[in-house]
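Peer 1: Have a look at this one before I ask anything.
Just so you know, all these numbers are worked out from the coordinates, no wet-lab data involved. Predicted model only: the values in this text are computed from it and were never measured. Ideal geometry is used to build each Cβ from the backbone, glycine not excepted, and the neighbour counts take in all protein chains shown.
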Amino acid sequence: MENLKNFHKNSTLKVATLSFISSQLTTKDEREELARVFKLLDKNGDGRLSKDEVQEGYMEIYGKLVSNKEINDMFDSVDTDQSGYIEYSEFVMASIN
């Protein structure tokens, strides 16, 4: 979760490179763990994380309330396609960065 807060937007080439590297450098166990955490956070099962889901998940995992500013800053950095949600690929890239 801390990596999500610290991830910064990158050029399209860098995002594509990180995506490729993440698929090559993560082990099967790491991929399974990332998928498990993502599914845990994705309360409605739509395959993307809303700000509310991330905020609630952070509270469940760390027992700490994250401010709206921190959530907005996280989404500004992680939501590379500016959809208003964090898709799985964005989650993976931010988590391993």
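Peer 1: Is the shape of the range 21-97 rounded, prolate or oblate, going by the alpha carbon gyration tensor and its root eigenvalues a ≥ b ≥ c, with a/c under 1.5 for rounded and a/b larger than b/c for prolate?
Peer 2: prolate
Peer 1: Here's another thing I want to ask about it. Evaluate the distance, in nm, between pseudo-label points positioned 7 Å from the Cα of N68 and of I96 along their respective Cα→Cβ axes.
Peer 2: 3.5 nm
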